[in-house]
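One structure below.
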Amino acid sequence: MESLLNLSLAGEPRVRVLQITDSHLFAEKHETLLGVNTWESYQAVLEAIRSQQRECDLIVATGDLAQDHTAAAYQLFADGIASFDAPCVWLPGNHDFQPAMYSALQDAGISPAKRVFIGEHWQILLLDSQVFGVPHGELSEFQLDWLEKKLTDSPQRHTLLLLHHHPLPSGCSWLDQHSLRNAGELDNVLQRFPQVRYLLCGHIHQELDLDWNGRRLLATPSTCVQFKPHCANFTLDTIAPGWRWLELYPDGTLHTEVCRLESTRFRPDTASEGY
Ligand SMILES: Nc1ncnc2c1ncn2[C@@H]1O[C@@H]2COP(=O)(O)O[C@H]2[C@H]1O
Ligand SMILES: [Fe+2]
């Protein structure tokens, strides 16, 4: 497992984190997913974030960064991140190809760290829920053991837990067959660690904010196509791409906000039946 990224941020009363997720980039800038040019929508999201002029201590990328398994797609992801001063960490989604992801992002100066100490009071842990080649997720015994060890050896740090797949039903039954299959095992580990009060996902291409046995489970719009909430069958939404800001406070509380593009430029082809 990867090394620790230690961001000391001396004297900061709160920590600010930006989440970007499910960019589904291709090697070529002209390629599209369900009628949306994913490079252009990623660029538009980054430009909108820059225009917000908010301070940012860390960027977290929660998987499905590339659609086509190429190093070039990950390079395009990294090119976008390079326009920010903040460091970035990532975890894989079901569509990612980890050998290309790891090396292209590392070559571009993006850390493979899966544990971040951020300020004096918080840590962020990034899990790998990918089951290569299938859309659903599962946490291996290795991942669950690693999580338990990291929570055991820093009980004083409030913990934000990141993973690609949603551990609770989202309300879209077609997506819920692609959820985290062993959420019960994750719940069993977390029951012993009350310092984990927040979980953050990607994958479902929509905003979500649910209670999971006393923890807050958040999910975030993709930077490209959106899925319509509460649908039994695959259904695209015409709502704009987005991103999420999180502020982590010393007392263990978290404030968060989802933002979206104002532009209606990135509407998908709603007649598409999947990908
Ligand atoms: N029509 C469909 N029905 C069920 N699953 C789909 C359909 N189209 C795509 N998917 C899968 O559902 C996944 C949800 O988000 P992903 O971007 O991970 O990738 C998607 C595909 O792997
Ligand atoms: Fe996904």
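Side notes on the structure shown:
- Pairs, first free of Cβ contacts under 8 Å to residues at least 24 places away in the same chain in the stretch 154-179, second of a type in the set (Ser, Thr, Tyr), C-beta under 7 Å, six or more apart: Pro169/Ser179; Asp176/Ser170
- Qualifying residue in the stretch 145-160 (condition: outside any strand (DSSP E or B), in contact with a Cys (Cβ under 6 Å, 6 or more places away or on another chain) and more than 16 Å from ligand 2 (Cβ to nearest atom)): no
Table: residues versus (1) modelled with pLDDT under 95; (2) surrounded by 14 or more Cβ atoms within 10 Å (Cβ to Cβ); (3) closer than 22 Å to Asp64 by Cα; (4) not small (Gly, Ala, Ser).
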site: Val131; (1), (2), (3), (4): no, yes, yes, yes
site: Trp146; (1), (2), (3), (4): no, yes, no, yes
site: Gly171; (1), (2), (3), (4): no, yes, yes, no
site: Leu190; (1), (2), (3), (4): no, yes, no, yes
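- Residues that are within 16 Å of ligand 1 (Cβ to nearest atom), outside any strand (DSSP E or B) and not β-branched (Val, Ile, Thr) within the stretch 227-263 comprise Lys228, Pro229, His230, Cys231, Ala232, Asn233, Phe234, Pro241, listed in sequence order.
- Residues that are in contact (Cβ under 8 Å) with a residue 24 or more places away in the chain, away from ligand 2 (no atom under 16 Å from the Cβ) and not polar (S, T, N, Q) number at least 3 in the following strands (runs of 3 or more DSSP E) confined to the stretch 1-119: 4-7, 15-20, 115-118.
- Flag for Leu175 being within 16 Å of ligand 1 (Cβ to nearest atom) and of a type in the set (A, V, I, L, M): yes
- Subset of the stretch 214-226 that is over 17 Å from Asn37 (Cβ atoms) and outside any loop (DSSP other than H, G, I, E, B) - its residue that is nearest to ligand 2 (Cβ to nearest atom): Ala219
The values are calculated or read from the model by the stated rules, or taken from the named source; none is laboratory data. Only a predicted model underlies this, so the values are computations on that prediction, with no experimental measurement involved. Because the Cβ atoms are built from the backbone with ideal geometry, glycine has one as well, and the counts that use them run over all protein chains shown.
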